[in-house]
1. Quickly run through segment 26-65 and pick out the residues that are within 12 Å of the chain's Cα centre (by Cα) and β-branched (Val, Ile, Thr).
2. Mind counting the residues in segment 10-27 that are in a loop (DSSP other than H, G, I, E, B), modelled with pLDDT under 85 and open to solvent by less than 70 Å² (accessible area, probe 1.4 Å)?
3. Select from segment 63-77 the residues that are in contact with a Lys or Arg (Cβ under 9 Å, 6 or more places away or on another chain) and modelled with pLDDT of 80 or more and list them in ascending order.
4. Need the failing condition index for Ala111 against (1) loosely packed, with under 10 Cβ neighbours inside 10 Å; (2) hydrophobic (A, V, I, L, M, F, W, C); (3) at pLDDT 70 or above, just the number.
5. Considering only segment 28-56, state which residues are open to solvent by 80 Å² or more (accessible area, probe 1.4 Å), over 15 Å from Ala4 (Cβ atoms) and touching a strand residue (DSSP E or B) at 6+ places or on another chain (Cβ under 8 Å).
6. Pairs please, first residue from segment 47-59 and under 14 Å from Phe35 (Cβ atoms) and at pLDDT below 80, second anywhere and among the hydroxyl-bearing types (Ser, Thr, Tyr) and surrounded by 10 or more Cβ atoms within 10 Å (Cβ to Cβ), Cβ atoms under 6 Å, 6+ apart in sequence or on different chains.
Amino acid sequence: VTVASDSRHTVRVWDWGGGHPGRPTPCVLTVAVGFAGTPPQVFGATWAPDADRFATFGVKHVKLWTAAEDDKLSSSTGSRPQGADAAAAAAARRRAETARNAASARGANAA
């Protein structure tokens, strides 16, 4: 997966030709609009462990992508949590940070 730095943040899914007869060189399997807006809006992409789905992420959004029947991509977009969801996300981040600090302190005391 590549994400272009154009105003549409064009997403391309590539086949690098590994193990595919008749496709010895890299080729683009499909192209789609990643996220409209002045760059940079999309910061990166990551594959799901089962490798048939991926996500792009950026300014206040995460976009989940799956292959459709006609070799096109379908996607759904989520945004930054708001209201109670944002408060819960912030609390979870604080708990994780506290746990990391405690683990770090235990490691420093053991040395």
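1. Result: Val42, Thr46, Thr56, Val59, Val62.
2. Number of matching residues: 3.
3. Within segment 63-77, the subset in contact with a Lys or Arg (Cβ under 9 Å, 6 or more places away or on another chain) is 64-67, 75-77.
Matches in segment 63-77: Leu64, Trp65, Thr66.
4. Single failed check for Ala111: (3).
5. Leu29, Trp47, Asp52, Arg53
6. none
The values are calculated or read from the model by the stated rules, or taken from the named source; none is laboratory data. Bear in mind the structure is a predicted one, so any value in this text is a computation, not a measurement. Using ideal geometry, Cβ is built from the backbone for each residue, glycine included, and neighbour counts are taken over all protein chains shown. For the accessible areas, the whole protein counts, side chains as well, though only heavy atoms, and no ligand, DNA or RNA atoms are used. Shrake-Rupley method; radii C 1.70, N 1.55, O 1.52, S 1.80 Å.
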